[in-house]
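Every read-out reported here was derived from the displayed coordinates using simple, explicitly stated rules and does not represent laboratory data. Quick caveat: nothing in here was measured; it's all calculated off a predicted structure. Cβ atoms come from the backbone with ideal geometry, glycine included; neighbour counts cover every protein chain shown.
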Amino acid sequence: MSVADISTGADQSPDAGLRYQLDALRAANSRDGAPDRAQRLEWLGRIAAMVRENQDAIIAAVDADFGGRSREETLLAEIFTTLSSVHHAKGQLGKWMRPRRRAMDLAFKPARARLLPQPLGVAGIISPWNYPLFLALSPLVGALAAGNRIMLKPSEFTPRTAALLAEMMAQHFAADEVAVVQGGPAVGAAFAKLPFDHLLYTGSTNVGRKVMAAAAENLTPVTLELGGKSPAIVGPDAAMDATVTSIVRGKLFNAGQTCVAPDYVLVPKDRVGVFVEKALAMAAEFYPDLADNRDYSAIVNQAQYDRLQSMLAEAEAQGARVLAAGSGSGRKMPLTVLLETTESMAVRRQEIFGPLLPVIPYADLGAAIAHVNSGDRPLALYVYDRNQGNVERVLAETVSGGAVVNDCLLHAGVENLPFGGVGLSGMGQYHGSEGFETFSKLKPVMYQSRLNGMWLLHPPYGARAKGLIKLLLKR
């Protein structure tokens with residue numbers, strides 16, 4: 001869910017205690033067995049209390065890590081979303097934990113069948129820098145609800161938040177319940193090689209490949225929450241004012257450093273001028289005077305800022321028309337619309353992860369759909385149109401990790417909707433019940449009845465058994 005990791009310098013060797021920590025978690029899991037509902041609710045309550053008690057410290061740490069992060073964005077995207085995931089899990093946990101009946105085929109009756117949810121054991125979570133609290137704690141909530149012990153590796157690019165997470169967790173959880181591991185790429189690589197019962201990684205597609213390869217050494221199942229180029233399609237009958245407001249708001253939230261931010265916009269060719277004019281005006285209205293604007297977040301570090309500037313410079317050098325909503329300040333970049341871009345430009349080929357917005361004209365809706373389908377399957381897709389037929393066509397003829405109609409981003413915070421990618425934007429999913437199931441084994445169990453007909457199929461196979469087999473094959 002972030003662009004490719006950019007090293008900030010020499011990394012220390014991985015902590016030799018990683019395996020020791022994993023073994024301690026496994027020993028506790030073996031000693032105590034699967035936690036009951038009361039224990040899991042108590043764990044979830046600790047997460048909520050931890051976040052509430054440290055709200056101001058979390059906001060300050062994230063702000064310092066970004067060199068300027070909107071307090072309100074942290075409240076909405078980190079604090080609210082985390083508490084919402086806890087609240088949802090606590091309310092639904094009893095239902096999730098109940099055995100699930102499965103119908104039994106007539107040939108096997110009167111036997112019956114159930115699925116028994118069981119914790120996998122010890123889960124690993126590698127979280128990114130762009131939402132350093134929520135994207136660490138949201139999967140952790142699912143793993144705890146499922147009854148697992150957890151090792152968590154937060155991003156080194158938000159070191160203050162990572163240190164705070166480690167401190168908070170140590171205050172609220174025993175080391176054999178939740179262990180936080182800090183460090184750079186070498187530690188992350190060693191972490192991914194540990195024989196977890198499940199590993200969830202959130203980050204770039206390139207690093208996701210390495211994580212999956214490392215996990216494969218132990219046949220560790222993985223959930224990969226990656227990124228990609230999520231399109232926004234402005235339909236022929238879109239309400240332009242509401243559409244522009246939504247896209248600009250979504251694109252500039254966290255300065256575009258969101259895995260499900262609109263990466264580019266497809267606009268009917270006769271409406272491009274109106275869209276661009278309104279978008280630039282809306283951005284200036286939302287975020288006037290970037291130098292002193294506390295509502296607008298900075299690019300997280302100089303390496304990411306330089307990457308975006310390089311992407312912009314390349315596009316401009318190759319003939320793109322660049323229109324900015326004002327001037328930047330420090331690492332705060334204004335919304336910058338790019339017109340007349342080509343597929344050879346990095347801004348069209350790579351996930352942007354910043355406030356650069358290519359606007360691509362299309363002749364008809366079929367052409368817009370074809371453009372989306374010509375690339376990798378996106379993590380999110382947004383379609384804006386008042387014509388339900390147009391909306392349903394886009395949804396039916398494209399494949400994406402998730403989709404929103406007439407808005408953007410919000411689905412990522414809905415606990416009742418699974419969150420996950422498809423193809424190069426990821427595999428597996430979590431949030432809500434799907435998060436619980438990702439970190440559980442739904443054990444299938446068949447209960448044989450005392451009165452059953454298996455005695456009819458005992459060898460040696462005589463006429464009775466052969467007749468019954470013949471009857472079964474006719475079904």
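Which of the three applies to the range 226-308, rounded, prolate or oblate, going by the alpha-carbon gyration tensor with a ≥ b ≥ c and a/c under 1.5 meaning rounded? Note, shape of the range 226-308 comes out oblate. Take each peptide in 140-151, 157-168, 397-408, count the other Cβ atoms within 10 Å of every residue, and average; sorted highest first, the result is 140-151, 157-168, 397-408.
What's the FRET efficiency of N218 with Y447 using the Cβ-Cβ distance as r and R₀ = 30 Å, to the nearest 0.05?
Working: r = 33 Å, r/R0 = 1.10.
Efficiency at R0 = 30 Å is approximately 0.35.
Taking amide H as placed 1.01 Å from N in the peptide plane, Y362 has its amide H under 5 Å from the amide H of V267, K269, each at least 5 places away in sequence or on another chain. Here the chain is treated with +1 on each Lys and Arg Cβ and -1 on each Asp and Glu Cβ, and its dipole about the Cα centre works out to around 3120 debye. Listed values for the range 407-412 are Karplus-derived 3J(HN,Hα) couplings in whole Hz (6.51 cos²θ - 1.76 cosθ + 1.60, θ = phi - 60°), namely 5, 8, 6, 4, 4, 5, and x replaces Gly and Pro.
The relative contact order of the chain comes to 20 percent, based on Cα pairs under 8 Å that sit 6 or more residues apart. Summary of packing: across the peptides 70-76, 123-129, the per-residue average of other C-beta atoms within 10 Å ranks them, highest first, as 123-129, 70-76. In sequence order, the range 365-371 has phi-based couplings of 4, x, 5, 5, 5, 4, 4 Hz under the Karplus curve 6.51 cos²θ - 1.76 cosθ + 1.60, θ = phi - 60°, and Gly or Pro positions carry x.
Between amide H atoms placed 1.01 Å from N, distances below 5 Å from A261 occur with no residue 5 or more places distant or on a separate chain.
I'm spelling it out carefully: the read-out is Cα extents along the principal axes in Å, the candidates are (i) 87, 53, 50; (ii) 73, 49, 42; (iii) 84, 55, 37, and one was derived from this structure. Which label? Among (i) 87, 53, 50; (ii) 73, 49, 42; (iii) 84, 55, 37, the one calculated here is (iii).
By DSSP, the beta bridges lying fully in the chain are antiparallel in about 35 percent of cases. Across the range 167-180, computed HN-Hα scalar couplings (Karplus, 6.51 cos²θ - 1.76 cosθ + 1.60, θ = phi - 60°) run 5, 5, 5, 5, 7, 10, 9, 6, 5, 9, 10, 9, 10, 9 Hz from first to last residue, x flagging Gly and Pro. With a simple spin-label model that places each label point 7 Å from the Cα along the Cα-to-Cβ direction, the separation between H458 and A317 comes to 8.3 nm.
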